[in-house]
Amino acid sequence: MTKFNNFADLAANLAADRIARADEAHEHSYDGAFIEHSELAKLSIMDEPIATEMPDPDMARAAVELAVGTIFDVFRDTRMEEFAQQIVWGFVNSFHMTARLAEGREDDAAKQLGELARNYEPSEIHAVELEEMQLLCQTLQGCREALEAMRDHASEVYRVETGKPFTATRGSQVARNGVTASQIAARDFLAARNRQRNEEHAPTGPMVVVSGGQVWHDHEMLWDILDDIKARVPEMVLATTGMRKGVDAIATSWAQSRKVKAISFIPNRAHGNRAPFLRNENLVKLRPIEAIVCEGSGIQSNLAQRLRQAGVPLHIRRLTDQRAAQSTQRA
């Protein structure tokens with residue numbers, strides 16, 4: 001293991017190495033996110049507008065690269081290596097949760113802006129309120145987009161290092177810059193579709209369903225099938241059954257690598273033992289154009305049966321179909 005005298009040398013080394021491996025498209029997403037809509041900023045209703053700037057996008061990108069990469073590099077080939085993944089996952093998730101908080105404040109401000117616009121009064125006071133509420137929305141939007149750009153970059157480094165996709169604890173991970181793949185919770189997807197919301201939360205396109213057991217090692221098999229489907233259906237949207245290990249995790253990692261939007265259909269535990277089967281029913285109602293079902297439990301058997309009855313072209317793979325386990329994974 002290479003030793004360094006200080007963190008400056010370490011940072012220079014890891015940046016040169018990892019930038020070559022991580023997705024360079026994130027460099028452009030930073031410039032698109034760190035936009036100043038106005039010379040002034042306002043972060044709450046009570047605050048007065050102030051003259052302040054957004055962080056420098058190049059410095060933000062370098063900070064994420066250094067913070068995430070250093071953890072992996074310091075722990076690599078040591079007895080603590082297994083803990084690096086957990087620590088970095090928490091780091092990425094903190095960006096995600098903070099971005100969600102900013103989004104909630106942005107939504108609240110947008111509602112108030114809409115009320116002010118509807119209840120128009122030809123007075124100077126009302127005009128100032130309207131102007132400042134618009135500034136508040138713009139400021140929060142810019143902060144939220146910057147946090148999402150940093151989260152998406154950190155999650156890509158996490159994927160490159162671990163071979164696993166970052167999956168948030170709550171809510172959807174939507175990439176509004178259009179560069180990275182989106183992981184969308186089924187609850188958000190269905191609500192967005194019912195309300196005819198934007199493409200970010202309710203992506204349109206041919207749906208491809210993937211489901212399987214949590215014990216599965218043959219990444220190559222699944223990636224080859226998914227690559228073949230994407231070659232035939234470039235606008236595909238991936239739907240998984242939301243497991244964090246095995247087949248679903250492999251498929252989600254493929255989606256992140258190939259910039260394909262993915263929707264996680266996690267069973268609603270409020271329905272008890274019926275939850276997975278009701279989830280299967282909802283997946284079939286999406287009218288997928290193709291599906292991959294790998295051997296797992298009776299839940300996968302039920303899904304395969306439902307899809308076959310609906311006439312969906314199926315790729316069925318059993319545990320014994322896998323090739324010998326290998327330590328290497330695709331990037």
Residues whose placed amide H lies under 5 Å from that of M207, excluding near-sequence neighbours: V237, I289
Candidates per trypsin sites (Lys or Arg not before Pro) in segment 258-331, loop by DSSP, up to 10 other Cβ within 10 Å: R318, R323
Evaluated at q = 0.13, 0.21, 0.28, 0.32 Å⁻¹: base-10 log I(q)/I(0), Debye formula over Cα of segment 33-79: -0.51, -0.78, -0.98, -1.08
Ranked list, fewest to most other Cβ atoms within 10 Å of each Cβ, for D77, D321: D77, D321
Per principal axis, descending, Cα span of segment 219-331 in whole Å: 39, 30, 24
Partner lysines for K164 [C-alpha distance under 22 Å; skip if fewer than 8 residues away on the same chain]: K230, K245, K259, K261
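Since every read-out is calculated from the coordinates, none of them should be taken as a lab result. What you are looking at is a predicted structure, and each value in this text was computed from that prediction instead of being measured. Positions of Cβ are backbone-derived with ideal geometry, glycine not excepted, and every protein chain shown enters the neighbour counts.
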